[in-house]
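Step one of this worksheet: look at the structure below.
The values are calculated or read from the model by the stated rules, or taken from the named source; none is laboratory data. Predicted model only: the values in this text are computed from it and were never measured. Cβ coordinates were reconstructed from backbone atoms using ideal geometry, including for glycine residues, and neighbour counts include every protein chain displayed.
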Amino acid sequence: MFVRIEPSSSVPIYRQIIDQIRYQVATGVLQPGDRVPSVRALAGQLAVNQNTILKVFNELRNEKILRVERGSGTVVAQSGQSMTLAERKKTVATLLREGAIQAIQLDIPKEQAVDLLQMEYEIILSEKKRSQP
Amino acid sequence: MMSENAISIRDLCFSYGRKHVLDHVSLEVRQGSVFGFLGCNGAGKTTTIQLLLGLLKARSGQCLVGGHNPQTDPMTVRQTVGYMAEDQTMYGWMRVEQIIRWSSTLYPTWEADYVQDLIKQFDLPVKARVKTLSKGQNTRLALLLALAHKPAIVILDDPTLGLDPIARKAFLRHVITLLQAEGVTVFFSSHLLYEIEPVADTIAILDRGRIVKTGHTDQLRESIRRFIVTPKPASDLGKLEHVLDVTQQDGQCLVTCEVVTDQTRLAIRAMADREIQECALNLDEIFEAYVIGNHGREVAPC
């Protein structure tokens, strides 16, 4: 698993790592059942504090993107596994809220914001198609 | 009780003659944590560290390192702590293996097997003379000498000074894999926030002998925001709460706030004439805001 940290970014490191793992799962670069490195290994690889990585894994587990498998460590969960539709919607709504706030602050009309979401959706779906064998 | 923590500093003051170097510095370093001690050159970082090792005498205040007082019991502290000095100079005429053997006589808890392991991991040429080592090798040798007696607390004084980006990353990786993973407490001084942020649990910023900020690393970025405002006449942005800095230029103001709530935003909006922009800061900007921020003092109302 490859993760890159941008030190001069204004986004906190744990957030950068979460976003990249989430993106790799969404685009199918990481497939359900794929093993991810242990906290120690990833911390060593990135030269990042173990507690930061722990926080990343905890959050991704809460979102049911990762899951702990007895004996084989942490793996990528089935998409939406064991989450009800309402729970999945809630997770997405929280993220979209941030986007909506930004759009209003930057004066982007509602219709255009919806277009942007659709465009991003299409881009990721097409990348996902490409990464599938 | 002050000693649940690995390092505990209370009201430490120090001066060279009339020059105050440390002004009531207080810090707590939790056991097993990585503590980033940040400050510009001359802020007092090395002085603090030398006081922690009992190399200097404090004017007032107290400190405990691993439960021992370095001011009254410096030898015990130096035996229990691993220390890497800023730009550490070692006997250049010695060979690497000689300096390792010589150092081993100073510590009763020296672990020879661990040292052999580190020599391999650090890729050190044991037959080479110390003066012929590269900057990176020199740093790794100094780290080896600091770790060889398996200390529970390690104090690193600007250890990556002068290292290239690759050697620097490798050094930080050692801090994580050799120290944090083993539960060692690390006190790491640096003048670069972007270097310390990925590895530190907690950060303290020292400025001209005073601690201006201590906090959890993750939280450091999250609450601080900068606003670009065109203020109404006679509005006093310096009076906002938690202001770190106000800069005026061409009728606009840059306001940097340490903690931003919806109330802050409302207050700023009330003082603004036109639209306001809000942005997050990168690490250099955060460091700068704490160190050279005017805290809204001496800023004339617009």
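What to note about this one:
- Matching residues, region B:1-41, being aromatic (Phe, Trp, Tyr) and crowded, with 22+ Cβ neighbours inside 10 Å: B:Phe14, B:Phe35, B:Phe37
- Only listed residue being farther than 17 Å from A:Ile21 by Cα, outside any loop (DSSP other than H, G, I, E, B) and within 14 Å of another protein chain (Cβ to nearest Cβ), chosen from A:Ile104, A:Ile53: A:Ile104
- Filtered by the rule that a residue be over 28 Å from the mean Cα position of the chain (by Cα) and charged (D, E, K, R), region B:238-280 gives B:Lys239, B:Asp250, B:Asp262, B:Arg265, B:Arg269, B:Asp273, B:Arg274, B:Glu275, B:Glu278.
- Members of region B:25-51 that are assigned to a loop (DSSP other than H, G, I, E, B) and among the small types (Gly, Ala, Ser): B:Gly32, B:Ser33, B:Gly42, B:Ala43, B:Gly44
- The C-beta contact set for region B:227-239 (first residue in the same structural domain as B:Cys279 (by TED's automatic domain parsing), second residue part of a loop (DSSP other than H, G, I, E, B) and among the basic types (Lys, Arg), distance under 7 angstrom, 6+ apart or interchain) comprises B:Thr230/B:Arg274; B:Gly238/B:Arg297.
- Any pair with Cβ under 6 angstrom, 6 or more apart, that starts in region B:8-23 at a residue that is of a type in the set (S, T, N, Q) and ends at one that is assigned to a loop (DSSP other than H, G, I, E, B): B:Ser8/B:Met2; B:Ser15/B:Arg59
- B:Gly44 vs. criteria buried (at least 23 other Cβ atoms within 10 Å of the Cβ), closer than 23 Å to B:Thr217 by Cα and of a type outside the set (Phe, Trp, Tyr): yes
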